[in-house]
Each structure stands twice: as structure tokens, then as C-alpha cells.
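In what follows, a single structure is set out as C-alpha cells and then discussed.
Taken together, the values in this text are just the output of simple stated rules run on the coordinates, not laboratory data. These numbers come from a predicted model, not from an experiment. Because the Cβ atoms are built from the backbone with ideal geometry, glycine has one as well, and the counts that use them run over all protein chains shown.
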Amino acid sequence: MKEGLDLATGGNPPSGPAARAKQARMAPLIRMEDVTIGYGRVALLSGVTLSVDPDDFLAIVGPNGGGKTTLLRALLGTLPPLSGRREQVAPVTVGYVPQRDHVDALWPLTAGDVVTMGRVAGRGAGKRIRPEDRERAREALGRAGLGDLWERPFRDLSGGQRQRTLIARALAAEPQLLALDEPTNGMDPAAELSAMDLLRALHASGRLAVVMISHRLEAVANYARRLAFVDKDQGLWRVGPLAEMLRPAELSRLYGREVLVREEDGRRFVYPVSGAKA
Amino acid sequence: MSAFSDFWAAHLIWRDPLIASVISGALLGFLGVYVVLRRVVFVSAALTQLSTLGIIVALLAEERLGVEVEHTSVQLGIALLFSSGGALLLGTLGSGRRLPAEAGVGMSYVLAGALVILGANRLVHVAHDLNSIIFGNAVAVPVEDVFILAGVALLVGVVHTVFQKEVVFASFDRETAEAMGVNARLWSGLLYFTIGLAIPVAARVVGALPVFAFLTVPASAALVASRRIKPAFALATALGAFAAAVGYLASWTLQLPTGATMVTVAGMLFAAAVAVRAIRD
């Protein structure tokens, strides 16, 4: 399955230095072509073609256990594809936000300690964290709306504050690509809305590609520019612009039942219809 | 005063074992913070068994194959090989999709334990003082063992000072560290390797029980008492050294078994830390 949006050079090389520079700026950060993802020799999903542009906001949606995290790991290069090609033109600085409950709150770390970890990869092995690294980390915590919690123990933070701290850690790396694994999992609706608004603001504030995965379509339908549907059990892999992907026919295929999409006051609502099989 | 004079007069006897015990307590107390926070306390038990297996293999090679491994440094080298090799393996293996990492630790412990029993059963010449060969004797520590222990402690200290930020990140959140370009497998492997180095040399001095205790109790006390990671490392190191020193001196003056006394002192320090925390909160 080809995505149809990638690397649209149209076969015509850019004509001047300015055009070439523009093309370089807009070249995909990461591209996967006809990739098979899986573990060991077990393939979960085949035929995955996907590119992430520098200003992308891509949401990967699918059921629990559908292969979303595996896909994200393959995209980030921490899980080699079983077949196919994964390319990136240049090294990409990644800020990663894991599922909140994957992070062990037992550790006696402050919010500041956690956010400063975002500077570790950039500093290089064996080099000490400098005051300016801490300054960047403080700024990142401020951007996440928790500037006054620098000294607060991570384990004493609320669930929403922990999530924002993890987002701040990713931002502290000054990433080109912000990758998030179920960032709103377990949040109440207000905290979920707040976290998604933060992501939208971060994306809008500069050249930052956002790739997030979620099992809740509702959570991302009002924020992402593109959607990808993943379900290894159905062998389903589809990606496209939000408007195309939010069609009832596409959604019904993902959920295996009739799905309604409504728009009220500028917000989209997605309703799987109880009992009605597609 | 007379008791103190007697005690001081014997300082040439207890000096080296005391120094070795204090270094062991400090070294293992420091590493114990990682062991406790990573929830892998039984790794130390598995690595102790693996280092013991190394010594048994060396002794069997000498008896059955005529390979010259009589010198204690050769035996220690083979024990280090088994322990640090096992540590590297356990450290670099992440949780699989079918089995958790704890299963590997448990299997290493029981399989190494079983092989130690089977191997010891086939030994003939050294069977009578096997315990002393394997676990040493804190009452009489050769000066070369003190130097080896100090060298290992220095190496571990330097490695963990230089690479602390990487080891902490990889230990706290391996998934994110990997995604953000930190080689979590390498740093976890390095941590386990240093634990694998420390265990056999410390076990030769203080014995298996104190090794297990020093890798868990001082760190637990420090983590109860401290709210920050760097003070927790410093406190665990200090508490490990203190428990070893007080335990050793108490066992000397009160004529008690050395290892058990050290562990009891460490336990009392943990109780004190819990009490201090309860009063402070």
C-alpha cells in the first residue's frame, strides 16, 4: 500500500540553490518504504509505506495490541524492520514520550532531574551536563506549563503533571520529531484536552513534527493533520489526510462496525454505533 | 582501657580485614542503589552463584585436568569471568515478549546453584575447606585481596562518575533512552558488568550473605531517608561502609560471627532510617 504523499519531487530536480534549500527543508525526516514490522521472525504488519515531514502532525490509531507501538519503534529506528527500507536523509533529533505508567515513580528524582535527561543524548557519552543544558531543560518545563515545579519530586506529581514533565523532557532535547506513545492514556477528559492543546501549541510554535499513537480516535481527531490506521489482526494499514481518513467507510473498516462522525461547534466527534456491524 | 589496649595491640590482625570490609560495604552500598531501584535484588544472588560456579570449575579443572589454578588470583580471575560474563548477559537482555528478565535471573541462580552442588560433589582434595576458598574469611584477609578490592572499587567509582547520567537514564527509562539515541543496552550492560566485578571480590572478603545484604539494605535505607538521587548514592555508600566497620568491630570485640554481625548492623541502620523518615514526615 503506497501512501502517495511522499517525496513529491515529481521526477523534476529543483532548479536553483534556493529551491534546493527549500526542498532540503521540506524533505521527509524519516521514510519507510514497503516495510514489514515484527519481532524475531514473526511479521505483524507488511506493506507499510510512510514518511514523516518536518511539520507533520500524524496520529497513529488502532486497537490495543494492534501494532501501533511496534510501528512507532520501527519508525524511530529502535526496532529494525523485517524487510523493506527505512531511510533518513540526516540524523534526526527525537524527543520521545513513553506511556506514563512505563516510567517508574520509585526513583527519587525531581521534575528537573527527569527533564534534564532530555539533554543526555545531545551532550554525548561521558560529558557532564552543563548549566546551559539545565537552562534549556528549565525552559522546556516552562513550555509544558510546569515552570514552578522544577524541584518537585516526580513521584509527588499528579498524573497530568507527570505526563507534561515527560513531554518537557522530550522538548529539552530540542527535537525535530516529537514521538508520543499514548500520551493521554488514563487521563480524565479535562487533562486529556489540556495535554492535546499543549501538543497543538507546541506543534504550531515551530518546526516540530509530531507523531503520536493512540487507541482513542476521539482524542486525536481534532488535532492531527494526518491519520494512520493500524490493526495487525485485520492486516490493516492505511494513512492519509485527516479529512479522508475520518470518513465513516474508513472508520467502519478500522472498528469493524458502523461509525458516525459529527461536527459540533468546530469539534469532531466519532461514535461507533452500538450493535451495528459494518 | 585494658580492653582497648588489647584491641589496639591486635590492630595488625584486624586492620586489613576491616579496610576490606569497609571498601566492600561502600562499593556494594553504592551499586545497591541501582540494584534496588531497578528492582533486580536477586541479580546479586544469581551473580554470587555464578562466581562460585567459576571457582568450582577452576578447582575441578585443577583436580581432573591438571590445569594449574592453585593461586587464589587465578581462581578469582575465573570467578570474575563467570560473574561479569553473567552480569553482561543479564544486563543486556531486555524483557522478552514471552519471558520477563526476572525469569533469566531466577534460572541463572538455580542452574548455577545446582551446578555448584554437582561440581563440589566431585571435588576430592579441597572439599574440606571449600567454604573458605569460595567465600573467604573476613577474619583473615590477604593484603593482595585488599589491593584487588580497592582497585575494583576505584574502577567502579570512576566508571560511574564519568557515565552516571547515561546509566541513570538507561536505568530509569530504558525505552525513552533508546528512542532518544542513548544506547541503553550498552549502559545497562556496563552497570551489570561493574556489579559482576564487585561481587566476587567482595564475596571473597566478607562472604555471600553480607554481599547480598550490602547490595540491598544500605541502598534501601538511603532511599527511605533521601528524596534526591545524588544524596541517596552518597548516603548508601556511607551507610554500607559504616555497617561494615561497626559490624566488623562489634564482631571482633563481642566474639560474634562477622558477616552476620555486619548484616545485623545494616538492618539496624535501615530501621533507624525508617524511624527518622517517620518523624520527619
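General observations
- When the stretch B:161-215 is filtered for residues that are assigned to a helix (DSSP H, G or I) and charged (D, E, K, R), the ones remaining, listed by number, are B:LYS165, B:GLU166, B:ARG174, B:GLU175, B:GLU178, B:ARG185, B:ARG204.
- Residue count for the stretch A:143-160 satisfying the condition of being touching a residue at least 24 places away in the same chain (Cβ under 8 Å), away from chain B (no Cβ under 12 Å) and part of a helix (DSSP H, G or I): 4.
- Within the stretch A:262-278, considering residues that are free of Cβ contacts under 8 Å to residues at least 40 places away in the same chain and outside any loop (DSSP other than H, G, I, E, B), the one surrounded by the fewest Cβ atoms within 10 Å (Cβ to Cβ): A:GLU264
- Selection count, the stretch A:225-239, where residues are in contact with a Ser or Thr (Cβ under 9 Å, 6 or more places away or on another chain) and part of a loop (DSSP other than H, G, I, E, B): 2
- Candidate set from the stretch A:109-118 (those that are hydrophobic (A, V, I, L, M, F, W, C) and either within 23 Å of A:ASP188 (Cβ to Cβ) or not in a loop (DSSP other than H, G, I, E, B) (or both)); member that is nearest to the other protein chains (Cβ to nearest Cβ): A:MET117
- Residue match in the stretch B:62-78 (condition: within 14 Å of chain A (Cβ to nearest Cβ), in contact (Cβ under 8 Å) with a residue 24 or more places away in the chain and either surrounded by fewer than 24 Cβ atoms within 10 Å (Cβ to Cβ) or under 20 Å from B:VAL217 (Cβ atoms) (or both)): no
- Test: A:GLU182 is under 20 Å from A:THR165 (Cβ atoms), buried (at least 17 other Cβ atoms within 10 Å of the Cβ) and out of contact with any helix residue (DSSP H, G or I) (no Cβ under 7 Å at 6 or more places or on another chain): yes
- Within the stretch B:158-182, the set of residues being without any contact (Cβ under 8 Å) to a residue 24 or more places away in the chain and more than 8 Å from chain A (Cβ to nearest Cβ) comprises B:VAL158, B:THR161, B:GLN164, B:ALA170.
- Count - residues of the stretch A:164-174 that are part of a helix (DSSP H, G or I) and either more than 13 Å from chain B (Cβ to nearest Cβ) or on the phi > 0 side of the Ramachandran plot (or both): 1
- Screening the candidates B:VAL168, B:VAL158 for the property of being surrounded by fewer than 21 Cβ atoms within 10 Å (Cβ to Cβ), over 23 Å from B:PRO17 (Cβ atoms) and among the aliphatic types (A, V, I, L, M) yields one hit, B:VAL158.
- Out of B:VAL205, B:VAL217, sole residue that is more than 14 Å from chain A (Cβ to nearest Cβ), touching a Ser or Thr at 6+ places or on another chain (Cβ under 8 Å), crowded, with 24+ Cβ neighbours inside 10 Å and aliphatic (A, V, I, L, M): B:VAL205
- Of all residues in the stretch A:119-137, those that are within 16 Å of B:GLN164 (Cβ to Cβ) and either part of a loop (DSSP other than H, G, I, E, B) or more than 7 Å from chain B (Cβ to nearest Cβ) (or both) total 11.
- Tally of residues being in contact with a Phe, Trp or Tyr (Cβ under 8 Å, 6 or more places away or on another chain), more than 9 Å from chain B (Cβ to nearest Cβ) and outside any helix (DSSP H, G or I) across the stretch A:64-108: 2
- Qualifying position, being without any contact (Cβ under 8 Å) to a residue 24 or more places away in the chain and either part of a helix (DSSP H, G or I) or surrounded by fewer than 17 Cβ atoms within 10 Å (Cβ to Cβ) (or both), among A:LEU193, A:LEU202: A:LEU193
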